[in-house]
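Contents: one structure, followed by commentary.
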Amino acid sequence: MSDPVWLDRLRAHTVDEAWRTYDAVQAGPEGLNAFLSVDRSARGAETGRLAGIPVAVKDNLATLGLPTTCASRVLAGYVSPFEATAVRRLREAGAAVIGKTNMDEFAMGSSNENSAFGPVRNPLDRERVPGGSSGGSAAAVASGVVRIALGSETGGSVRQPAAFCGIVGIKPTYGRVSRYGLVAYASSLDNVGVFGASVAEAALGLEIIAGHDRFDATSAAVAVPDLTAAMSAVNEGRPLAGLVIGRPVEYFPATLDARIAAHCERALQQLRELGAEVRDVSLPSTDLAIPVYYIIAPAEASSNLARYDGVRFGVRATADDLGAMYERTRSGGFGDEVTRRILLGTYVLSAGYYDAYYRRAQAVRTLIAQEFAQVFASGVHVLFTPTAPTTAFRLGEVSDPYEMYLSDIFTVTANLAGVPAMSQPIGTVDGLPVGGQLMAPHFGEATMLRVAAALEHAQRAERMS
Amino acid sequence: MTTETITHGWELVIGLEVHCQLKTRSKIFCGCATSFGDAPNANTCPVCLGLPGALPVLNAHAVELATRASLALGCTVHDTSIFARKNYFYPDLPKGYQISQFDRPLATAGAIAVGVQPDGTPRVIRVHRVHMEEDAGKSVHDRFADMSAIDLNRAGTPLVEIVSEPDIRSAAEAGAYARRMKQMLEYADVSDANMEEGSLRVDVNISIRRHGDAALGTKTEIKNLNSFSAIERAVEIEFVRQCRVLTEGGVVEQQTMLYDDKRNEVRPARSKEGSHDYRYFPDPDLPPLRLSASFVAQQAEALPELPPARRSRMLVQYGLPENDVEQLLATRELADRFEAVASASGDAKRAANWMLGPLLASVNASGLALSAHPVSVARLAALIRLEVAGEVSNTAARQLFTMLEQQDGEPLELARAAGLLQVRDDGALVGWIDEVLAENPAEAARFLGGEQKLQGVLVGLVMKKSKGSADPKKVNQLLAARAG
Amino acid sequence: MSVTPNDVRHVARLARVGLTEARIPSLVNELNGILAHMDVLQQVDIRGVAEAAAEVSAPLRDDALPSDTLQRARETFAPASRDGFFLVPRLATHGALGASASEEA
């Protein structure tokens, strides 16, 4: 049997192709600025499922040759002496890691405007943001430089940029992909995620990097299923017959942009036509998710970022005494959003506030996770929602921190519950992409991708007709 | 004012915090070696260096040893315990936090006996908790001008922290607790437990109150104690200081103090910048540690014989006085060696005497470790067997011991070559007796006539003639037989 | 619970982030603004919420397994090193006692 069309297309996009596209889109004052470093000599290997295929890696994943800066001044020029497991697996599959992509500093942001090395522009509209924090990887795929890229997710940092840039972005189940080598932002929420130009390509990337790793104690000892098997199946008949798609009402509030809502309803209708049953469900604690997230994530971040002290690696400010060295290194090295979250996180963990904030937030988080479990246990296989409440906004448009946080309102729940989730294009509004989100039970990636592939096929068919 | 006057009426309340390094091959959260004395930072990796992206993974053997330590101290080992981050900044703390345990420790509620009360019941100090944590690295401040040098070889070494209840009431008791704790940990084979080498570290929390008061006074913490006697000295000094402060109407400030061994002083540590808020929270990189009942039972099975049980058994098995047994139990190595010598020689009493006397004296004088001492188990046992068999006299045995310290070779051969073997051959003895009687006719006649008290003199003369090699027992027998 | 300028100074000290006085007022506003949204959590009934999933437990590593090796010498990423040590400026209040002053913490 010959290889599927999507695989042929992936392989046809060579490293040389990648550089041609790169030079075109990065150039000029309105260049995308999607990459922080590149390796023009990367060729990959001759064998392996990704042999010779160019990929991009978010700059918070440790690589051996290229620097790992997390888009922060505090790590400017830092070259890691060890490699992230996810990156190693890509390389061992033959991929050519052609560069490290720009991001919000230490993965804190929803627009890629928090990078110490300049913002990333959305390839579809250079005046707009690509989303964040994995904006660079999303732009690299959306602009056609690469067809597969790694990002990271803590509150939606792969799905939201995927929605803003009109591509596919997957957040796996927490523990599905090793975090060894992923620079920690919020350890209980962080995931390595995958962008793809199509569902199949993103699925392939995920399949290669997933699996247990002895260097990550939160890595799940669960077998990785074949995630690309369903990709080639043609949508004949009713391929999703027997599946129940849940539509959580809290994700479709009256305030949701009517045009985004319309695209979602159209997608749900397509899913019905593919044989699935669509059922309204409720996740009542959804509106608590942002407050919960913005207590837990900064708290863990404040601890994870304590190691950036100039002692053993990274940038060090000059000082005659240790205390001054710490303060100058960190105040000079961290940007405003990172500083804000470190202060917030330190505050909610500090004596007198731990119970009221951190402990309480963790309890509410458990409630949120339980609600997901209950919905999935009630016979629902997959949930469908919008990915983001807006399309890509303009650079500089959103300045209030909390307003920026609300961009993650539909995505943070999956990080809090640890469930797999993904975004795929389901239409445009004023020429800007809209993303539809799928969520599945823990380790339910195979079913989620099956639904995604079918929906993608239906969307493509509709566009062509 | 004398010390007695100042401290009169004040009760001393002490708790000890012991940090003990577990003797695993590798560190608690990574596979780096825990070995001692290697080049600075030779035993490091991304994890114990705290590099971006590194993650901790718990060492199974550290869990086993920590569980055994907890069981040896009579604690309840919990089926679920949680690792927590203790956040603070210091250059030898790579991640900017220490992974420890906070409100869900490995074990709680144990105790250790430190002696006997006047009424004969055991004096028991309770152990509040045992928890696991990682050690920090080392800072060296005097090697380079104006800079501190950081060595992270020690960072990540597995520790158990053992916290006592504030049950201790005197400096001597504090020293006794520390000694018993070391002994217990060493016997449990979980640690080298050596204060001088740093595998056992002791901090003292000390406060005072009026006798009869239930409330605890403000405590100070004393660190940098490098020996058991330092503990006792530091406690005495701080007790007097606190009594003086309160007696004069002042207030004891909560602070950390350091003991200066050279000057025998207890001084406030200067690096305190306000109180620490460690902002403990459960470490999200480590799921809860869950231990099954069968795992805990296995660790109990794996425990070697601990001092209380060993004490009872040795008292019964060897019939030695309590004081001897206590001394032999001082270290597990000594106790093991004693039992080996007792078994190989067949004479526990002699084995005890030789080991507690000449051998320990020799070990102390030579500066060698017991295991490296030339008078090995086999050779000492052989010497004792010669003694028991009457092949050498007590005096000759002492000479032989000295020879064993200085030379190789089997005791029998050395004794023979040096003419130390007792002569018990009747022929030779009779010969010497005849000579002595002949040379001392007056005494001979009186002895043979019935003056028994002359026997000792005559035996002495025979011993002299034989240059000490005659077996005095046999000589006595033969002379007595002559007298009829 | 309202954040004061002293709270921000205190927390900045704990986190060693070295804030200038000029930044304090805006940070006070920002943090209060963010924390105001968290108040909704105070109303949630969290009694009876179970702890973390019972089946998740810490995996245990064999003592004999090696660590992940450094692919590049320490000197290539250390800001200051000599004779194998990492060098840092002296802590201003540091005394000569104690091999590891972290024991003072």
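None of the figures in this text is laboratory data; all of them are computed from the coordinates on show. Note that the coordinates shown come from a computational prediction; the quantities given were computed from them, not determined experimentally. All Cβ positions, even for glycine, are placed from backbone atoms using ideal geometry, and neighbour counts span all protein chains on display.
Peptide A:314-320 shows a mean partner chain C-beta count of 3 within 10 Å per residue C-beta. 3J(HN,Hα) couplings calculated from phi for the range B:287-292 with the Karplus curve 6.51 cos²θ - 1.76 cosθ + 1.60 (θ = phi - 60°) are, in sequence order, x, x, 7, 10, 10, 7 Hz; Gly and Pro show x. Using Cβ point charges alone (K and R +1, D and E -1), the dipole size of the protein assembly as shown about the Cα centre works out to roughly 600 debye.
If I model a spin label as a point 7 Å beyond the Cα along the Cα-Cβ vector, how far apart are those points for B:A297 and C:S26 in nm? Label at B:A297, label at C:S26, 6.5 nm between them. Calculated mean residue ellipticity at 222 nm for chain A: -10500 deg cm²/dmol, from DSSP H runs with n ≥ 4 weighted as -39500 (n - 2.57), summed, divided by the residue count and rounded to 500. In this structure, the amide hydrogen of A:S37, modeled 1.01 Å from its nitrogen in the peptide plane, lies closer than 5 angstrom to those of A:K100, counting only residues at least 5 positions away or on a different chain. Coupling constants for the range A:123-135 follow from the phi torsions by the Karplus curve (6.51 cos²θ - 1.76 cosθ + 1.60, θ = phi - 60°), and in residue order they are x, 7, 7, 5, 8, 10, 7, x, x, x, 8, 8, x Hz; glycine and proline get x.
The mean count of C-beta atoms from other chains within 10 Å of the C-beta of residues in A:116-129, rounded to a whole number, is 0.
Under the classification rounded if a/c is under 1.5, otherwise prolate if a/b is larger than b/c and oblate if not, where does the range B:150-283 fall, given a ≥ b ≥ c as square roots of the Cα gyration tensor eigenvalues?
Numbers: a/c = 1.65, a/b = 1.37, b/c = 1.20.
It comes out prolate by the Cα gyration axes.
Here the translational diffusion coefficient of chain B follows from Stokes-Einstein with Rh set to the Kirkwood radius across Cα pairs; for 10 °C and 1.306 mPa s it amounts to 59 µm²/s. Candidates B:A33, B:G217, B:P105 compared by Cα position along the dipole of the range B:3-295: farthest toward the positive end lies B:P105, with charges placed on Cβ.
Annotation note: chymotrypsin sites (Phe, Trp or Tyr not before Pro) in the range B:14-114 located in DSSP loop regions with a Cβ neighbour count of at most 14 within 10 Å are B:F36.
Taking trypsin sites (Lys or Arg not before Pro) in DSSP loop states with no more than 12 other Cβ atoms inside 10 Å as exposed sites, chain B has its longest site-free stretch at B:1-261. Oblate is the label for chain A, because a/c, from the alpha-carbon gyration tensor with a ≥ b ≥ c as root eigenvalues, is 1.5 or above and a/b does not exceed b/c.
Counting only lysines at least 8 places from A:K58 when in the same chain, those with an alpha carbon closer than 16 Å to its own are A:K100, A:K171. Put a plus charge on the Cβ of each Lys and Arg, a minus charge on the Cβ of each Asp and Glu, and nothing anywhere else: the dipole of the range A:394-461 about its Cα centre is then about 320 debye.
In percent, how large is the relative contact order of chain B, given Cα pairs closer than 8 Å and 6 or more residues apart?
That works out to 14 percent.
For the pair B:E165 and C:I46, how long in nm is the line joining their label points, each one 7 Å along Cα→Cβ? Between B:E165 and C:I46, the simple spin-label model gives 3.2 nm. Helical content alone sets the calculated 222 nm signal of chain B at -12000 deg cm²/dmol, taking -39,500 (n - 2.57) per DSSP H segment of four or more residues and averaging over every residue. Indicate the gyration tensor shape class of the range B:426-483 (rounded, prolate or oblate), computed on the Cα atoms with a ≥ b ≥ c the square roots of the eigenvalues: a/c under 1.5 is rounded; otherwise a/b larger than b/c is prolate and the rest oblate. Since a/c reaches 1.5 and a/b is larger than b/c, the shape of the range B:426-483 is classed as prolate.
Only Cα pairs under 8 Å and 6+ residues apart enter the sum, and on that basis the relative contact order of the range A:317-465 stands at 20 percent. The dipole here belongs to chain A: it is taken about the Cα centre, uses +1 on the Cβ of Lys and Arg and -1 on the Cβ of Asp and Glu, and is about 540 debye.
FRET efficiency for the B:T121 to C:T69 pair, using the beta carbon distance and R₀ = 45 Å, is estimated at 0.20. Per residue of peptide C:29-40, the mean number of Cβ atoms on other chains within 10 Å of the residue Cβ is 5.
How many times 2.2 N^0.38 Å is the alpha carbon radius of gyration of the protein assembly as shown?
That ratio works out to 1.21.
Bridging of B:K465 to lysines at a Cα separation below 25 Å is possible for B:K453, B:K473, B:K474, once same-chain residues fewer than 8 apart are set aside. Each residue of the range A:183-199 was assigned a 3J(HN,Hα) from its phi angle through the Karplus curve 6.51 cos²θ - 1.76 cosθ + 1.60 (θ = phi - 60°); the sequence is 5, 6, 10, 10, 4, 7, 10, 5, 9, 7, x, 10, 9, x, 5, 8, 4 Hz, with glycine and proline shown as x.
Its relative contact order, with pairs defined as Cα atoms under 8 Å and 6+ residues apart, puts the range B:426-483 at 39 percent.
Along the axis of the charge dipole computed for the protein assembly as shown (Cβ charges of +1 for Lys and Arg, -1 for Asp and Glu, origin at the Cα centre), the listed residues A:A93, A:A12, A:T391 are led at the positive end by A:A93. Peptides B:47-53, B:362-368 ranked from most to least packed by the mean count of surrounding Cβ atoms within 10 Å: B:47-53, B:362-368. At what distance in nm do the modelled label points of A:D3 and B:Q254 sit from each other, each positioned 7 Å from its Cα along Cα→Cβ? Spacing of the two 7 Å Cα→Cβ label points: 6.7 nm. Over 20 Å apart at the Cα level, from the set B:K86/B:K138; B:K138/B:K219; B:K95/B:K182, are B:K138/B:K219; B:K95/B:K182.
From the residues B:T67, A:G418, A:L36, which one has its Cα farthest along the dipole of the protein assembly as shown in the positive direction, the dipole being from +1 and -1 charges on Cβ of Lys/Arg and Asp/Glu about the Cα centre? Checking the options against the dipole of the protein assembly as shown, the answer is B:T67.
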